[in-house]
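Trainee: Input: one structure, supplied below.
The values are calculated or read from the model by the stated rules, or taken from the named source; none is laboratory data. Only a predicted model underlies this, so the values are computations on that prediction, with no experimental measurement involved. Cβ: placed from backbone, ideal geometry, glycine included. Neighbour counts: every protein chain shown.
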Amino acid sequence: MAMNEPRNNQRRNNPRVVEEKQYDERVLHINRVARVVKGGRRFRFQALVVVGDHKGKVGVGVSKGADVSAAVTKATEVAKKRFVELPLYHGTLTHDVEGKVGGAKILIMPAVPGTGLIAGGVVRVVLEVAGIENALSKSLGSSNRINTAYATLAALTSMTPATTWVTRTNDTKQLKQKVKA
């Protein structure tokens, strides 16, 4: 008994240090899947997780595990490994984008400040953790959550940054420079 007392005192005096998470991790879907074997069914869990930093960095991960917590931690690690950097423009998208994965097709359009996120389900969560504040979206085709998440990510990665846009003012400046040279 005397040996256990100092340990308990140490635990009481030193509360756990909770580290602040730098990424927003959201579990979108938990699915129970089964494998049929000779003796019956073996159940596992599949998790769909979206991770983002609200500054234009987002990742989607899907993984399976023996229990829910194992599946979620594995899916979170997969999402962190697959981060993509998005070219945001004043809290919204640079232009209309479209993504298609499987049967899921997603259209995302930029919106003026104050509009907010007009999106539903999976698309809304992906846009929120990415840091997009104003956007409109439409989900067409399949409602499969995994394909919808990957289609949203495909649409966002197809954006071109505003710095690479060719505008009339840039064209005229370049022409004037060529004429002078």
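Trainee: As an exercise: evaluate residue 78 against (1) in contact (Cβ under 8 Å) with a residue 12 or more places away in the chain; (2) part of a strand (DSSP E or B) and give the number of the one condition it does not meet.
Mentor: Just one mismatch for residue 78, condition (2).
Trainee: Moving on to the next point. As an exercise: evaluate residue 61 against (1) without any contact (Cβ under 8 Å) to a residue 24 or more places away in the chain; (2) under 14 Å from the mean Cα position of the chain (by Cα); (3) not in a strand (DSSP E or B) and give the number of the one condition it does not meet.
Mentor: (3)
Trainee: Next question. Going through the stretch 73-120 one residue at a time, which ones are small (Gly, Ala, Ser) and modelled with pLDDT of 90 or more?
Mentor: Scanning the stretch 73-120 gives 75, 79, 99, 102, 103, 104, 111, 114, 116, 119.
Trainee: Tally time: how many residues in the stretch 116-145 are out of contact with any helix residue (DSSP H, G or I) (no Cβ under 7 Å at 6 or more places or on another chain) and under 19 Å from residue 96 (Cβ atoms)?
Mentor: Of the residues in that region, 13 qualify.
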